[in-house]
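Here, each number is a calculation from the coordinates, and none is a lab measurement. From a predicted model like this one, the values you see are computed outputs, not experimental measurements. Cβ coordinates were reconstructed from backbone atoms using ideal geometry, including for glycine residues, and neighbour counts include every protein chain displayed.
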Amino acid sequence: MSDKIKTGNKGEELAANFLVAKGYEIVAKNYRYKHAEIDLIVSKDKWLIFVEVKTRHSAAFGEPESFVTNKKAAKVIEGAEQFVFEQQWDGPIRFDIVSIKLGKNLEIEHFEDAFY
């Protein structure tokens, strides 16, 4: 397994634990639809939240959340539309980003309503 995949998997695990500690419930992990992958799907307070997790060892090349491009956001939205259809979800949804820096001091930031 490549270091990039290991870093991503570690970040997703940390993000899931972080969100659960904040009262979110994990609905799905690594949901795939066509070319879209949604790292985490969680729920809280009658909301369904689609979460993109970005993990880096440092911010030397930019903050992790800055790597969620418009193209990536569009893929997440496409996957979310399919998930909502499959589950027949009729409640509110939103798109969040969890940014993780694994450096000396672990930093986790949660950006709610990060994109539409």
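Per-residue ellipticity at 222 nm, computed for the chain from helices alone with -39500 (n - 2.57) per DSSP H run of at least four residues, works out to -11000 deg cm²/dmol. Computed from phi, the 3J(HN,Hα) profile of segment 39-55 under the Karplus parametrisation 6.51, -1.76, 1.60 (θ = phi - 60°) reads 4, 9, 10, 10, 9, 6, 6, 6, 9, 10, 10, 9, 10, 9, 9, 10, 10 Hz, with x in place of Gly and Pro.
Expressed to the nearest 5 percent, the antiparallel share of DSSP beta bridges inside the chain is 65 percent. Taking other residues whose beta carbon is less than 15 angstrom from the beta carbon of Ala73, and scoring Lys, Arg as +1 and Asp, Glu as -1, yields -4. The GNM of the chain, with springs linking C-alpha atoms under 10 angstrom apart, assigns the highest mean-square fluctuation among Lys71, Lys54, Lys101 to Lys71. Shown is the FRET efficiency for Phe67 and Gln87, computed with R0 = 25 Å from the Cβ-Cβ distance and rounded to the nearest 0.05: 0.35.
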